[in-house]
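Undergrad: This structure is in structure tokens; I'll ask about it shortly.
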Amino acid sequence: MTMPLYLVNSGKHPLLGRESLKKIAVDLNNMFQGSRVVNTIAATISPRRDSAFEEVLEKYPKVFEDSIGKISHVQASLPWKNNARAVFLKARKIPFNMQSAVEDELEKLVAEGLLTKVNSSNWATPIVPVKKSQNWVRICGDYKQTVNPNLVVDKYPLPTVDELFASLAGGKKFSKIDLIQAYLQLEVAPEDREILTLSTHRGIYRPNRLMYGKA
């Protein structure tokens, strides 16, 4: 069997192209869907590195906690129009197969101090549960009918994708920071918390942190 060999001046790893794969006749579907393991990478940590890692964990325990953190020295405030009026909307029906997950998430947010159960409020926005993986739901508020029409919109122009990519030109090292439920890490100013009140099938809850909104 004869196959062409292409030499490329590059520091990349060699690849098998379509021509080679056709002639070798490898069943890729069976290879990747079967029980055989193609590549196995075993990572080992030396005692010295493991000790340094444990030292970082002990020095910055709050950074590695599973609970939702809180941004320090900053609070979210809501600028209102002069003619703003309170809006109260009743809770919407939640599908039966999502009720337990919604209730669990509400209890978790209350336990962590992100929500406070209240008996009355001038404002109330129905929730929209968004189903996530592992039978977990994200509690969102449908603020487009209650809060959004009464807000003074910030006119600051957001950069486009092309502008963002242009600003990264010439960069060599990039970092990605994934914050756990980033909105919930920002505390809401006490005087604006009632405005973000959520109405649910379990009653009404006042957010102490910035809530997710339904797009």
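Undergrad: Considering the range 128-142 alone, what residues qualify as being outside any strand (DSSP E or B) and either touching a His at 6+ places or on another chain (Cβ under 7 Å) or open to solvent by 20 Å² or more (accessible area, probe 1.4 Å) (or both)?
TA: LYS132, SER133, GLN134, ASN135, TRP136
Undergrad: Also, I was wondering about something else. Here is a check on your reading of the model: is SER121 closer than 28 Å to PRO79 by Cβ and outside any strand (DSSP E or B)?
TA: yes
Undergrad: Just to be sure, is ASN122 touching a residue at least 60 places away in the same chain (Cβ under 8 Å), open to solvent by less than 50 Å² (accessible area, probe 1.4 Å) and among the polar types (S, T, N, Q)?
TA: Values: touching a residue at least 60 places away in the same chain (Cβ under 8 Å): yes; open to solvent by less than 50 Å² (accessible area, probe 1.4 Å): no; among the polar types (S, T, N, Q): yes.
Answer is no for this residue.
Undergrad: Ok, one more. Of these, GLU107, GLU112, which one is modelled with pLDDT of 95 or more and of a type in the set (D, E, K, R)?
TA: Numbers: GLU112 fails: modelled with pLDDT of 95 or more.
After applying the criteria, what remains is GLU107.
Undergrad: A further question on this structure: Which residues, counting only those in the range 144-159, are farther than 14 Å from TRP80 by Cα and touching a residue at least 60 places away in the same chain (Cβ under 8 Å)?
TA: Quick first cut of the range 144-159, residues farther than 14 Å from TRP80 by Cα only: 144-145, 155-159.
Selection gives LYS144 alone.
Undergrad: Sticking with this one: Out of the range 44-69, which residues are modelled with pLDDT under 85, open to solvent by 70 Å² or more (accessible area, probe 1.4 Å), under 30 Å from VAL110 (Cβ atoms) and assigned to a loop (DSSP other than H, G, I, E, B)?
TA: Across the range 44-69, the qualifying residues are GLU65, ASP66.
Undergrad: Consider the range 177-215. How many of its residues are in a helix (DSSP H, G or I) and either among the basic types (Lys, Arg) or open to solvent by less than 20 Å² (accessible area, probe 1.4 Å) (or both)?
TA: 4
Undergrad: Pairs, please: C-beta under 9 Å, at least 6 apart or cross-chain, first residue in contact (Cβ under 8 Å) with a residue 40 or more places away in the chain and in the range 94-109, second open to solvent by 90 Å² or more (accessible area, probe 1.4 Å) and of a type outside the set (Val, Ile, Thr)?
TA: VAL102/ARG202; GLU103/ARG202; LEU106/LYS117; LEU106/ARG202
The values are calculated or read from the model by the stated rules, or taken from the named source; none is laboratory data. Here the structure is a predicted model, which means the values were calculated and not measured. Here the Cβ is made from the backbone with ideal geometry for all residues, glycine too, and neighbour counts use every protein chain on show. Each accessible area value is taken on the protein alone, full model and side chains, heavy atoms only, with ligands, DNA and RNA left out. Shrake-Rupley method; radii C 1.70, N 1.55, O 1.52, S 1.80 Å.
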